[in-house]
Every structure is written in C-alpha cells, then in structure tokens.
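Asks: Before anything else, here's the structure in question.
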Number of protein chains: 2
Amino acid sequence: MPERMLSEAEGYRYLAGCGIPVPSHRLVERASDARTAAESIGYPVVMKVSSPQIVHKSDVGGVVTGIENPDDVERAYEIILKNSAANVPGAEISGIIVEQQMPPGLEVLVGGRTDPAFGKVITFGLGGRLVELLRDVSIRLLPVTDEEIAGMIREIEGYRLIRGYRGEPPKDEQALVDIIRRMAEAFIEDPRLKEFDLNPVILYESGARVVDARLIVEEMIGVETAVQLRMEAPPEIFYPSSIAVVGASANPNKVGYSVFRNLLSFPGRLYPVNPTRRELFGREVYPSVTAIPDGVDWVVVAVPARLVPGIMEACGEKGVRLAVIVTAGFREIGGEGGRLEEKVVEIARRHGIRIIGPNCLGIMMPHQDINATFDPVTPKKGSIAFISQSGALITTIVDWSLPEDLGFSAVISVGNQADLGFEHYLKLAEQDPDTRSITLYIEEIKNGRSFMKIVEQVAEKKPVVAVKSGSSTKGREAASSHTGSLAGSYEVYMAAFKRAGVIPVHGLRDAFHLAELLASEGYPAGRRAIAITSAGGFAVLSSDYADMYGIDLVELPDDVLEELNAFLPPYWSRANPMDLLGDAGADRFAAVFDVLIRHQDFWDIAFVVTVPTTLADPTHLANEIVRFSHHTHKVVVGCMLGGDSVKSGHRVLRTGQIPNFEELEDAFKAIGSILSVRGGGGGVRPGSPR
Amino acid sequence: MPERMLSEAEGYRYLAGCGIPVPSHRLVERASDARTAAESIGYPVVMKVSSPQIVHKSDVGGVVTGIENPDDVERAYEIILKNSAANVPGAEISGIIVEQQMPPGLEVLVGGRTDPAFGKVITFGLGGRLVELLRDVSIRLLPVTDEEIAGMIREIEGYRLIRGYRGEPPKDEQALVDIIRRMAEAFIEDPRLKEFDLNPVILYESGARVVDARLIVEEMIGVETAVQLRMEAPPEIFYPSSIAVVGASANPNKVGYSVFRNLLSFPGRLYPVNPTRRELFGREVYPSVTAIPDGVDWVVVAVPARLVPGIMEACGEKGVRLAVIVTAGFREIGGEGGRLEEKVVEIARRHGIRIIGPNCLGIMMPHQDINATFDPVTPKKGSIAFISQSGALITTIVDWSLPEDLGFSAVISVGNQADLGFEHYLKLAEQDPDTRSITLYIEEIKNGRSFMKIVEQVAEKKPVVAVKSGSSTKGREAASSHTGSLAGSYEVYMAAFKRAGVIPVHGLRDAFHLAELLASEGYPAGRRAIAITSAGGFAVLSSDYADMYGIDLVELPDDVLEELNAFLPPYWSRANPMDLLGDAGADRFAAVFDVLIRHQDFWDIAFVVTVPTTLADPTHLANEIVRFSHHTHKVVVGCMLGGDSVKSGHRVLRTGQIPNFEELEDAFKAIGSILSVRGGGGGVRPGSPR
C-alpha cells in the first residue's frame, strides 16, 4: 500500500484535530499575505517553504527564523523562494508557512511505529540531538493508560530535566501526558496512520507545543494487525491414556526408534505402528493407526514428510485427538514444504485433531511418564514447564538439568507451530497442577498481541521467565534519530514482556535458576531486602550487588537492632548487611532468624549468605534456613557458598524447596530481574504460587 | 591545610599562564572603565560581579549577558552593583569583570581531583547540563600521554558531537587535546592545585575557550601523595625448607591445631612449638623457636596477640626469614592493637624478618605442599595465584574449587599487610614458575600508585583478574555536576585497572573461570571471533552474546567459504556463526577445524559450541577441539554444553588445558571482559604466557 508523509501544514492540521497544541501558523502564497499573517500571529515569526519535494528545508535555505518586523517578512519571503528554486530546481512550492516562533523550552519527542509482531507502539524520549546521543527512549504497546504514560515519562534518564533540573521550576508534565494520550488514541483509532514523529515537542513550565511533526499515512485503509484467534485447546488433550508411534522402528539410527524407546515407560497403552514389522520390544506392531483395536489419544508421527497427510487421514478416522509430528521437511524448507504443511493442517482441522510441530523434538510430560521425543535423555519430575523454539536447546538443557537436580513438569518443542503454539502451551502450563513456573525460549513470535494477552493472564498466576534471542539484529548502528528506528524490535519485545509481567533473562542457566526460585518462592512483595552473613567480605559484596541490581537493603529498625544487640557479640555490624562475625554457628543464625520472623513488616526478601566453616554445621544451618523460610511469608534466598563441604546443606535446602545460589552475584541478579518487571512497593500483583 | 577557590579573574590568569585559551576580559572598578574595557574587547560583552562572597553570580542578578553598546555597559554596571548589594548584603565587591561574549559552541568539561588511593586524576565529559544527565565521563590517572588523552575524548558516548554530528562539521579536537594536556601538566607540577573544574569549555570548529573555571588550591605547599616504597621481598623466601608452628596444639578448637595438621604434608622439616607439650602427631614439640636444633625459614604464629612480640624476638634470634602471623587483635581493632602491630613490625625490621598478616588466614603454596593456614580444606595444584583481602572468601573459593577441579599455584590471605602486601605477592606470582594467571580480591588499596606500577609490569607477563568490592559506596545519587564527585573512587579503581591492564570482574565464579581461561590461552591478539556450532538456536544466541560483549564475529573470507562449501552439507549457514547442522559429527567439526587451522589470518578467537547428540561422541569431539587449539596460535574456547552426557568431553578438554564454559553467555562475557581491557586490533600488548 502506498505510504506518504503529510506536509507540514497537513501535519499541523492533523494534530490540531486531535486537540494537540501546535504553533499559530498560516500557509500563504504571496508576500503581502505573509505580512498580514505575521501581523495577526504576532512577532517574532518563523517562515518555511512548503513543498513536497523539499524535505530538509533548512538545508536548502528554506527556513528563516527570528523575523521581527514586516519588512523582514517580505525579505524572507523572497529569499526563501529564491533559495528553494536555486537549490531544488523544479520543486513545486505549495506556499510558505508563516509560524509563531516559540520561545525555547525543553525539547522532547513523541513517536509511534507499527511493529511487525506486536502492532502499534509509542515511544517517548528527549528531543533534538539528545535523542540519538542518549538512546534514552521508553516504549509502550498500545493502548496505554494514563498511568502507563506517566510511567514512560518517568522511566527515562532525562526525566530529571522535566521534574526540574538543579533548582529550575518543573515542566508541565500534564501537558505532555495529554499530548501522548491524544496521539496514542489517534494512532489506535486511525488505521491510516502508520508512523509518526513529533520532534521536538517543546515543554514549558506551563503548556507544550509540537513544533515539528512527521506523520506517515497509508493512502488506503490499512488492515490492522488482526489478533489471529486460534482455537483454544482443551487441557485434557495433554493427558492421554493411549499413544501410538507411527514409524516406530528397531533401527537405532531412526527417530522412530528413539521415540518409541522413550515411550516404553509410559504407563498407559502404547502402540507401535509400522507396516513392515510384526513385533518391536516384545510388543505387537500394527500396520496402521486404524488397525489398532482400542481408542488412540495421541499419535507421534515419525515418518517422512510426504507420508504425513495419509497418516493424518487415518488418525482422523481413528478419532485421534493430538498428533505430535516430529518429522521435518515442512514450512521451514519453503516451497513444497509449506504447501504440504497447509495440507496437513487442513486435514487436522477437518477431523478436529490438534498438532504439536511439525519439525519439532516432541513433548515430555514427566509426571505422566511421557517422553514423546527423540531426545536420548529423560528429565526428572519437577515444577518447571519449559517451552522452546529450539530442539537443540531442549536436548542441552535436559542433559544439564540431571546433575543440577532440576526437574520439569513439561518440556515442549514448539516446532513450526502449524496449529498449537506458545499460547496453547502457556494455557496448558497455567492449568497444569504440577507446574509452578514457566520458562520460554523464543526466537520470534508470530502474533504478538494474542501471545501477550495470554501470557499476561498466565504470569498473573505462575511466573514466566523468557530468553528471547535475536537481540543483535536490532541494528543499533543504523539507528537514526527517528523514534521508529530507535524502538528496534528487540526493545518492543522487552516492552511487551514488561507489560505482560514476563521476566526477561539473557543466559539459559540464569533462566532456569530464576524459574526454580520463582517456583519455590513466588514473587516478592517489594524490593526491601536484608542480607545475613558471617563473612565481612561477602557483606561488602552483598551491598555492591544489591546496588547493582536495584535491590534496597533497608535500614534495620531500632527495636530490631535492640533485640539483636541483646544477644549478638559486641562487634557485629549493627547494620544491613548483617555481619554476624566469623565465629557464628547455626544457633546464632537461628536466633537472628527468630527476630526476623517476629519482625516481618520491614522486609520482603532475605539473602542468607553462609561460608564453609568448622563452626557452623551445614546441615544444621540449612535446616535453620528452611525453618526461617517456612515461618515467614517472605522470599528467603539461600546462598550457601562453597563446594563439597556444604553439599549436605544444599541437599537440605533442595528438599525444603529453598532456592540456593552458589554464586552470590547470581542471587542478587535473579531477584533484581524479578523486581525490574514485578518490582517495587505496594504496586505488585499478588500471587506467590505457594 | 586551608583550601580556597580562586576568584574568576585569578582562575583566568592561572589558565592563561598555562597557555589555555580564555575569553578576553578585564576586572574594572568604575563604570567608565567598564565602558573603555568593552570598547577594547569588542561587543557583545558579558559583565559579572567579582566577589569572594558571591559564588552563584547568576542567582543574585550579578551577571548581564548580550551587552551590545556603551550605554548598556553603564546600565549593566549599576544593575549588577545594586543587585549584589541587595541580595548579598555586606559582600566585598572586588570589581566587575567585563568579558568577551563567546558565541555558542559545543560545551564540554575538563576536571581534576585528587583520589585518596591513586592521587591525581583528570576527567572529561560533555559540559553544561549534559554532564549530569549522561554520567558520561572518562577518567585517567596522571600523567597522561597525548594518545591517552585522545582515548579519553573518544571513549565517551558524546564523542559523536565532537566528531561532527549528523552532518555538522567536526569540532577542533586538537584544541581540546591541548587544553587537557596543559591542564594535566599543570595539575602534576603544581602541588597547590587540588581540584579543578573547567565547565564549560566551549569547542568550535576551530579553537576552544574555557568560559568558566573553578580551581581549588591549598594555601600551603601540599604533600604529594608519596609513593611509599616498601622493601622488595626476595622471591626465595617464599620457598622454605623448614617451617615451625608456634602455638601448635592438640586441641581441635585451636587455630594452632588446624595450621599444624594442614602442614603435616609439607615435605620439608616441620617443627611444632609449644611450651606445654612434648609430643604432637608423633613429632617432638619444642618449647620455643630458639630450642629447635636446625635452621628455621618460616614461622607460623598462632598464639594470642600479646605474645607475638616475644615470639618475633625469638624468631629474630633464630634467623627466621618469614613470619606468617595468623593471630588477630592488631591494627584492625584500633588503639592498643595498632601499637602492638607497630611494635611487631619494628622487631621484624630490626631482624630482617618479613611478615605475612597479621590477622590473616595464612598462605598456601600447593606445588610445595604447603598449607600454612587454618582452612580445613587444601586446594589442588594448579596455575592460578589467588591473593585475597578476605579470609572467608579464600575458605569459600577453595572449597568450591575442589568439585570444580580448579587448581592453585598460591593462595594468600593478605590480612593487615603490616609488611608484605599486594605488591609483594604480585611479584611472587610474577616469578613463580607454576603461576600462569593471578586473581585478586581487593577491598581497598592503600598506595594506589605503587600498586599500579607493579601490577602493570606483572600483567604484562601474566594475566591479572580483579574483583574490587565497594562499588556501592560510590554514592552516585549525591553526585553533582562537578567532575570530582562524578569520578567516584570506584571509577578511579576501574580507570587504574584499565591502565595497568588488570581485568575487572564482578562475580567470584566469573573471576576464576576467567583466570583459568587466561592461564591456558593467554590474551587474544584481537577481537575477531568465529563461532562454530551444530545447533541453530545456539548460533543465534552466539550472535547476541557477541554483540552484547563487544566481540566481532568476522565475515568468512571467500576462499574459506569455498573450501567449506566443498564438503559441508548444502544447508549449512554459510556464515559466522557457522551452523554445521544438527547431524554434524566429530568428523565434520574436525574438517572445519582443519580449514581454520590453514586460515589463521582472519580470526583471533574461536568459540566451539557443541550440544549433546548421539551423532557426535563427546570424547572424540573434545579431542578434535584440543587438536584444533594445539595447532593454532589463537584462543580456542570450548563451550561443550550439556550435563553428564558430555562429561567425558569436559575431562578431555581439561586434560588438554582447553577452557570450557558450561553456560554459553559466560564464554562471551569472559572474552569480552578481556577485550575491554586488553582488546582490539593491533594495539594489544604481546604476551600469551603459552
């Protein structure tokens, strides 16, 4: 669809129509009219050429500022025409704009663009040259509430300039909120408007004015990024009582061998299907799905792509509810593969079969003893649901999880998402009683809006952690001062995650440690933290890390200090971090925990940082940490540092479902990443899953 | 010593004396003189009150700008006097400055302050309100070369404004270099000058002018932070053939028990000293050091503080070379403790005994089978020297190192550093043949200059990694626009580390993984990297992490691509990261390694990222990685991801001395942290220790 940029006069008209303040201005076609216009606007004025061929007016001498009297108006008129004609020969001059010259003020920008995954977003930042220099821009997905607008204004570093910098009076924040709100409303309601850039908006102590506007519209009525509603999947389809494996094989080099072998532990009915065999691992092999005597809930499809449509027809006939198609060779190879995938989906829709994949590793539901994948390793039962857009990541993480003693409630490889996708698996995890937190590995989301709607609901009940790859494609280097390009797609993902309450993480290990922490502790109610240790060095490092990751180490209230002083040795730190000194045994920690259990009102998170010492038995100490955690409604984070000497303590914590971090920094980083999304004071949502 | 701020006229005089350009100006005491001054300077001029009592001239109406003619000069003169008298009653007016009004330009700032640990530093950043907003300041310790000055100008984000922003002509960078150099020279040479803030310095396309200067001088000649030269310690004292333990005990609750038991594995002569016993662990106990029949090189002192002076006298008599005083109760408790420490040092100096500690855990030299500490755990032999200002950190790290299979060449607890300190231990590590990299845990350095001098020499030969705690005390919140406060002490440490080539790290685990990487691979020669993997998801994440940590994933040259295309399957990524596809076995990796061994000119670092797969045997794959590394002079980083399935591969890498990272992000982060200090192109220093 053809796009065009509105002329300056059109842009001003558009904004004025939205109730957004612009300078007084007139478009004139004669010098004498310019003079009349200037008189009625009032001096000083600015004059600018208006021509569709001239985008950078200043560069061609098409702008004159600081015009103070009628003679100068006429002179400027002539100069602008002459310069324009000389520099852009053949430009159509639609007239000259005479405009009120606005006094200087704080320049900010408000922009909007249409993201391919998430639709319309607005951005806000400092204006003029500051925007590129600072890269200090906040982003929100539309629609936005006034509260979110206030948040995006306050979030930028440059907010200090608005609030009143070094004794200057504050700027009119409400006028800015009004402009953003009105522009956001117009942007939602007007499907033609694709992108805009109000830069600068000049902010005063009272009021604000947009003095330059770039608006890009589509000439035809645009098709709003539709929320593609894919049918919901009934949860019971993920709990099968019978599974058939089509392509089950005795050849260890075949996927059908690995899948079938993994499923041997499935306690329900299991049927190998293969027309070329009679028996496999001592079980009767059926020549086709339809030949199976009983009902079949799931079929795992591990045959070449060209055979899949036929298999799906058979599944339809048999009344199969879910097909796990691990086979590759569909949309991901393009061309014929795409058409084949469409055909498979069409057959599935016709028969009411839902599809996992194709082109995926499969699905594991450890609590049901289901491993419907060709991963050679089966994970332990646990409380994390892992939904991944990469099969290799699953293989790697599952392998890593075994020595780490990390368990899963579900592991799902989404593949091409021809039918079921992230949204469905999130809903599965939401209602699954064994799942307490969710980890996503996302490369790209097709329909951001629908994803967001669902993940927001889910994250309200069960914490969601996401690793989003592809941050490096953001192409920062190429970014211009135009908001659109600064708000690169990765940033839109981050804004969407933040709004939906999803916690973004860079590293995989960090993601799973965080998921484990959230599974056991839920969201903290605020950012007020205490750190308890017996080692001065780690007390200092705790302060550093708290500062680094935005965690408030609160002051200890007087009554608490008094109680502690009554039994702690005189040299204890008497501050937070609480250094209980190197000779502290488990009993000293326990006595401090007792005080903190009695006084739960002043803190939200406790970090218990212990070191290997002959004076504190790790098992005893860990049991005291468990007791501490179970007697409070707060988040208690174990940091039993060390190696083999404290392994017995780690085991006690694990059994008591207390998270433990072996690197102190990771504990603070994890809590910080939660707080950055869910953080801070009374405004957090409820919902520790515990 | 009394400090005072120079008046504006004095400040201009000082700067002009250094050859630094300031605006033409006169200090006048009569309206008519002001008029004459303005005529000779040329209009427009600025006029400002000059009074020691009026610091914020604008606030009291003491400044008038844009004065265009003689009448306005006289009017301004009267207004300034009137305003000053009205707003600051009783202020002594030393006159009124008439000053050339400089045209607008780019405002930057140049500042200087005296850091308590490292002495004089200079800072550079954008000026005016931008300085506080951006917190975008570079810092260097004095003296600085022109090259370093150019570096500090180019390092700030705002450098784009100097280089020429969005098509604007560039500013006069040389004029800026000249100002910084001259100011740096004056700052070094003038002991009176304690702090200064040239803000703003206005930069033009040609030339620059300092238009506001705040200089703080000490009235008396200041004592330059002297480089306290502590005697060097001869290396041989760290390799004893006999050790006595004073306070050796049979009581497991005593430090003297733990120390003696740890030393039982020492292959040299070992003597327990305790007047109350005859026998300990089957060895003869001596009543005093002097009663030992043979020579004694080391004495470990584990008796109460008050007894230490007597012990030291006996050590002197015996000709002991080094005393490891683990006893606490010295300077760290203040008062009497400080005096006791001085006494001990005095005795040691008199007898030529060197001291480790007091108030320390002791020292471990695993290759000599020495564990002269009361740490219950003894580390493995390895190639990392760990020097720590916290004993608890040592206990924790050593305990953690055992299951991690990480070894040490030396572990030293510095304690109070009454005699030997960081500098001496660095020199020990430098010449110790078993040490290949060094890790420091630093809380505070007493004499930054002497530390820097030594660590710079050492880091040239053996990589030095440092965890510096105390970053949170930097008090950013309280920072004003004055350079001094922006250049908080932690930032000075970071600037000092950078100059000395020390690699700063936040987390302890990160520090040791990095030390291990450096011990085996040395410094990379540049930042050109390649990543080789068989998993698409990890290829994407590799790109992200490379981008995040400043590592260049280079383009593959055409001839290399051609060679690879000849044998790789058609769908391989044909780009860097090189995705060899999921069915890649060890042989496919090996064939790619062969190409990269033949073409070593286009890359400096290779990340080999593997995942658990039945198609690639981890032992075979790891052996190929070892071969790859040993056949190049480049840095090869193993990232064999996974758990138990790939442990055999991890073991092969460890035996082959190839670093392996179990979290992909950590590998890129580690290399990035090296490059941020040692990085980039041809400018790096030589010196892989391999």
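Asks: Outside the structural domain of A:Asp510 (by TED's automatic domain parsing) and buried (at least 24 other Cβ atoms within 10 Å of the Cβ): is that true of A:Val345 in this structure?
Replies: Criteria not met by A:Val345.
Asks: While we're here: For residues that are part of a strand (DSSP E or B) and basic (Lys, Arg), tally how many sit in region B:74-116.
Replies: Residues flagged as part of a strand (DSSP E or B) and basic (Lys, Arg) within region B:74-116 amount to 1.
Asks: Hey, could you check region A:532-541 for residues that are within 9 Å of chain B (Cβ to nearest Cβ) and in a helix (DSSP H, G or I) and say which is surrounded by the most Cβ atoms within 10 Å (Cβ to Cβ)?
Replies: The selected residue is A:Leu541.
Asks: Here is a further query. Against the conditions (1) in contact with a Gly (Cβ under 8 Å, 6 or more places away or on another chain); (2) under 24 Å from A:Leu161 (Cα atoms); (3) at pLDDT below 90, where does B:Asp115 fall short? Just the number, please.
Replies: Here B:Asp115 clears every test but (2).
Asks: Quick one: count up the residues across region B:497-526 that are assigned to a loop (DSSP other than H, G, I, E, B) and open to solvent by less than 10 Å² (accessible area, probe 1.4 Å).
Replies: Residues that pass the stated criteria total 6.
Asks: OK, next. Of everything in region A:145-157, what is of a type outside the set (S, T, N, Q) and either away from chain B (no Cβ under 14 Å) or out of contact with any Phe, Trp or Tyr (no Cβ under 9 Å at 6 or more places or on another chain) (or both)? Give them in sequence order.
Replies: The answer is A:Asp146, A:Glu147, A:Glu148, A:Ile149, A:Ala150, A:Gly151, A:Met152, A:Ile153, A:Arg154, A:Glu155, A:Glu157.
Asks: Can I ask one more? Among the residues of region B:367-385, how many are closer than 26 Å to A:Leu615 by Cβ and in contact (Cβ under 8 Å) with a residue 60 or more places away in the chain?
Replies: Total satisfying the criteria: 8.
Asks: Tell me whether region B:439-453 contains one or more residues that are in contact with a helix residue (DSSP H, G or I) (Cβ under 6 Å, 6 or more places away or on another chain), open to solvent by 20 Å² or more (accessible area, probe 1.4 Å) and in contact (Cβ under 8 Å) with a residue 40 or more places away in the chain.
Replies: No, every residue in region B:439-453 fails to be in contact with a helix residue (DSSP H, G or I) (Cβ under 6 Å, 6 or more places away or on another chain), open to solvent by 20 Å² or more (accessible area, probe 1.4 Å) and in contact (Cβ under 8 Å) with a residue 40 or more places away in the chain.
Asks: So, one more: If we keep just the residues of region B:637-653 that are surrounded by 24 or more Cβ atoms within 10 Å (Cβ to Cβ) and more than 11 Å from chain A (Cβ to nearest Cβ), which is farthest from B:Asp601 (Cα to Cα)?
Replies: B:Gly649
Asks: Filter region A:364-402 for residues that are under 16 Å from A:Arg261 (Cβ atoms) and hydrophobic (A, V, I, L, M, F, W, C) and give the result.
Replies: Across region A:364-402, the qualifying residues are A:Met364, A:Ile370, A:Ala372, A:Phe374, A:Val377, A:Val398.
Asks: Considering only residues of region A:655-674 that are more than 14 Å from chain B (Cβ to nearest Cβ), within 25 Å of the chain's Cα centre (by Cα) and in a helix (DSSP H, G or I), which is farthest from B:Val467 (Cα to Cα)?
Replies: A:Ile674
Asks: Among the residues of region A:259-266, are any over 30 Å from A:Asn447 (Cα atoms), part of a loop (DSSP other than H, G, I, E, B) and not hydroxyl-bearing (Ser, Thr, Tyr)?
Replies: yes
Asks: Is it true that some residue in region B:658-668 is open to solvent by less than 10 Å² (accessible area, probe 1.4 Å), more than 16 Å from A:Leu393 (Cα to Cα) and free of Cβ contacts under 8 Å to residues at least 60 places away in the same chain?
Replies: no
Asks: Do you know which residues across region B:383-407 are buried (at least 21 other Cβ atoms within 10 Å of the Cβ) and touching a helix residue (DSSP H, G or I) at 6+ places or on another chain (Cβ under 7 Å)?
Replies: B:Ser383, B:Ile384, B:Ala385, B:Phe386, B:Ile387, B:Ser388, B:Ser390, B:Ala392, B:Leu393, B:Ile397, B:Asp399, B:Leu406 - these are the residues of region B:383-407 that are buried (at least 21 other Cβ atoms within 10 Å of the Cβ) and touching a helix residue (DSSP H, G or I) at 6+ places or on another chain (Cβ under 7 Å).
Rundown of residues vs (1) open to solvent by less than 10 Å² (accessible area, probe 1.4 Å); (2) in contact (Cβ under 8 Å) with a residue 40 or more places away in the chain, yes/no style:
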position: A:Pro103; (1), (2): no, yes
position: A:Val108; (1), (2): yes, yes
position: A:Phe124; (1), (2): yes, yes
position: A:Pro143; (1), (2): no, yes
position: A:Asp146; (1), (2): no, no
position: A:Ile153; (1), (2): yes, no
position: A:Glu173; (1), (2): no, no
position: A:Pro200; (1), (2): no, yes
position: A:Ile216; (1), (2): no, yes
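Asks: Looking at (1) open to solvent by 70 Å² or more (accessible area, probe 1.4 Å); (2) among the β-branched types (Val, Ile, Thr); (3) in contact with a Gly (Cβ under 6 Å, 6 or more places away or on another chain), which is the one condition that is false for B:Thr65?
Replies: All conditions pass for B:Thr65, except number (3).
Asks: If you don't mind, there's one more thing I want to ask. Looking at (1) closer than 30 Å to B:Glu430 by Cβ; (2) modelled with pLDDT under 80, can you tell me which one B:Ile221 breaks?
Replies: (1)
Asks: Sticking with this one: Conditions: (1) outside any strand (DSSP E or B); (2) over 15 Å from the mean Cα position of the chain (by Cα). B:Ala529 meets all but one. Number of the miss?
Replies: Of everything listed in (1) outside any strand (DSSP E or B); (2) over 15 Å from the mean Cα position of the chain (by Cα), B:Ala529 misses just condition (1).
Asks: With B:Phe593, B:Phe628 as the choices, which residue is more than 32 Å from the chain's Cα centre (by Cα), under 18 Å from B:Leu518 (Cα atoms) and modelled with pLDDT of 95 or more?
Replies: B:Phe628
Asks: A further question follows. Of all residues in region A:293-340, which are over 18 Å from A:Ile237 (Cβ atoms), open to solvent by less than 10 Å² (accessible area, probe 1.4 Å) and in a loop (DSSP other than H, G, I, E, B)?
Replies: Within region A:293-340, A:Phe330 is the sole residue that qualifies.
Asks: Return yes when A:Phe567 is open to solvent by less than 40 Å² (accessible area, probe 1.4 Å) and either assigned to a loop (DSSP other than H, G, I, E, B) or touching a helix residue (DSSP H, G or I) at 6+ places or on another chain (Cβ under 6 Å) (or both) and no when it is not.
Replies: no
Asks: Let me ask you something else. Looking only at region B:592-623, how many residues end up being surrounded by fewer than 23 Cβ atoms within 10 Å (Cβ to Cβ), away from every other protein chain (no Cβ under 14 Å) and farther than 19 Å from B:Leu561 by Cα?
Replies: Number of matching residues: 3.
Asks: Continuing with the same structure: If I ask for residues that are under 22 Å from the mean Cα position of the chain (by Cα) and within 7 Å of chain B (Cβ to nearest Cβ), which ones from region A:370-391 would you list?
Replies: A:Ser390
Asks: Considering region B:544-560 alone, what residues qualify as being in a helix (DSSP H, G or I) and open to solvent by 30 Å² or more (accessible area, probe 1.4 Å)?
Replies: B:Asp547, B:Met548, B:Asp558, B:Asp559
Asks: Okay, next question. If you check A:Leu580 against the conditions, is it surrounded by 21 or more Cβ atoms within 10 Å (Cβ to Cβ) and within 14 Å of chain B (Cβ to nearest Cβ)?
Replies: Yes: the conditions hold for A:Leu580.
The values are calculated or read from the model by the stated rules, or taken from the named source; none is laboratory data. Treat the numbers as computed from the prediction; the structure is a model and nothing was measured. Using ideal geometry, Cβ is built from the backbone for each residue, glycine included, and neighbour counts are taken over all protein chains shown. All accessible areas refer to the heavy atoms of the entire protein, side chains included, with ligands and DNA or RNA removed. Shrake-Rupley method; radii C 1.70, N 1.55, O 1.52, S 1.80 Å.
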